[in-house]
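The structure under discussion appears below in the form of structure tokens.
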Amino acid sequence: MFQTKSIAAALLMSASFIGAVRAEVTSDRVWSDWQAQAAGFGLELKGDALPDGNVLRVSGASVVSDGIVILSADEIAFVEDKGNVVVTFGTGL
């Protein structure tokens, strides 16, 4: 279990350090790529994704392993800016 938590934490923490993804990408693409990366580790990245102009807000984001929430964030915002996506985390990570 500790290793799974470590992987999940590393996944989300590394994503937060990226800040801006340097490519012509969309917020939807970054969110779906994150979900695919989590799935590659046997995890599920879930949340309610709602577009709001140039922002994709994912509320109630969580990393789930074997049906158990191992990491959660109140909100993750994916902000599109001139072909880049800037990722910010709300409180509660």
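The values are calculated or read from the model by the stated rules, or taken from the named source; none is laboratory data. Just so it is clear, the structure is predicted and the values come from calculations on it, not from any experiment. FYI the Cβ positions are ideal-geometry reconstructions off the backbone, even for glycines, and counts take in every protein chain you see. Each accessible area value is taken on the protein alone, full model and side chains, heavy atoms only, with ligands, DNA and RNA left out. Shrake-Rupley method; radii C 1.70, N 1.55, O 1.52, S 1.80 Å.
I'm checking a number: the convex hull volume of the Cα atoms of segment 20-93, normalised per residue, in Å³. What is it?
Output value, Cα hull per residue: 78 Å³.
First select every other residue whose beta carbon is under 15 angstrom from the beta carbon of residue 31; then total the charges, Lys and Arg +1, Asp and Glu -1.
-4
Using a 1.4 Å probe, what is the accessible area per residue for segment 49-93, in Å²?
It amounts to 52 Å² per residue over segment 49-93.
What is the calculated FRET efficiency for residue 91 to residue 64, with r their C-beta to C-beta distance and R₀ = 22 Å, to the nearest 0.05?
Once the sixth-power term is evaluated, E becomes 0.60.
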